[in-house]
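Chemist: Before I ask anything, here is the structure I am working with.
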Amino acid sequence: GQLVESGGGLVQAGGSPRLSCTASGRTFSNSVMGWFRRAPGKEREFVAAISWSAGNTNYADSVKGRFTISRDNSRNTVYLQMNSLKPEDTAVYYCAVDSPPGTRLREERSYDYWGQGTQVTVSS
């Protein structure tokens, strides 16, 4: 399976872009889908995750209340709606799939498939 992210780019502070990640080549049923990001000079960090049924979501404290993760299983797609962007949100954003799903949603090593990443740059 392949994951392809889109929706990144240059955004002004306070902006509200939406990232998308579509899986092709296979259907990730019964999976957790997540978003991570790597800021310049920093390690990749957890941003958000969502269960297959979308009944459970999990957010990093740094984005809670500003970002919303959602998924459309019929389209094999996960979204990250980002609101009130700050310059410190500048990073490469990666989507990932954990299939079958484990319990450690915030840990990179739990995820089996990764996209190539999409750059989000927030200007002040």
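The values are calculated or read from the model by the stated rules, or taken from the named source; none is laboratory data. Computed from a prediction, not measured in an experiment: that's the story for all the values here. Cβ coordinates were reconstructed from backbone atoms using ideal geometry, including for glycine residues, and neighbour counts include every protein chain displayed. Please note that ligands, DNA and RNA were not included when accessible areas were found on the heavy atoms of the full protein model with its side chains. Shrake-Rupley method; radii C 1.70, N 1.55, O 1.52, S 1.80 Å.
Chemist: Give a quick list of GluC sites (Glu not before Pro) in segment 42-99 that DSSP marks as loop, anything other than H, G, I, E or B, with at most 11 other Cβ atoms within 10 Å.
Modeler: Values: sites: 43, 45, 88; in loops: 43.
Loop-located and lightly packed - 43.
Chemist: Å³ per residue of the Cα convex hull, for the chain?
Modeler: 90
Chemist: Distance between the C-alpha centers of segment 55-124 and segment 11-47? Whole Å please.
Modeler: Cα centres, segment 55-124 to segment 11-47: 4 Å.
Chemist: I need the phi-derived Karplus couplings for segment 21-33: 6.51 cos²θ - 1.76 cosθ + 1.60, θ = phi - 60°, integer Hz, Gly and Pro marked x.
Modeler: With the stated coefficients, segment 21-33 comes to 9, 10, 8, 10, x, 6, 9, 8, 6, 6, 10, 9, 10 Hz.
Chemist: Taking only protein heavy atoms and a 1.4 Å probe, what accessible area per residue, in Å², does the chain have with all protein chains in place?
Modeler: 51
Chemist: Select from segment 17-124 those trypsin sites (Lys or Arg not before Pro) which occupy a DSSP coil region and have at most 14 other Cβ atoms within 10 Å, ordered by residue number.
Modeler: Details: sites: 18, 26, 37, 38, 42, 44, 64, 66, 71, 75, 104, 106, 109; in loops: 26, 42, 44, 64, 66, 104, 106.
Sparse-neighbourhood loop trypsin sites (Lys or Arg not before Pro): 26, 42, 64, 104.
Chemist: Give the long-range amide H neighbours of residue 15: residues separated by 5 or more places, or on another chain, with amide H under 5 Å away, using H modelled in the peptide plane at 1.01 Å from N.
Modeler: The list, which skips near neighbours in sequence, is 85.
Chemist: Compute the length gained on full extension between residue 66 and residue 43: take 0.36 nm times their separation in residues and subtract their Cα-Cα distance, giving the result in nm to one decimal.
Modeler: 6.1 nm
Chemist: Would you kindly state how much longer the chain becomes between residue 103 and residue 86 on full extension, computed as 0.36 nm times their sequence separation minus their alpha carbon distance, in nm to one decimal?
Modeler: 3.1 nm
Chemist: Right, next: Residue 120's amide H: which non-local residues (gap 5+, or another chain) put their own amide H closer than 5 Å, with H modeled 1.01 Å from N in plane and none for Pro or chain starts?
Modeler: When sequence neighbours closer than 5 places are left aside, the close amide H contacts are 9, 91, 92, 93.
Chemist: Could you work out what % of the accessible surface of the chain is carbon and sulfur, using a 1.4 angstrom probe and leaving DNA, RNA and ligands out of the count?
Modeler: 43
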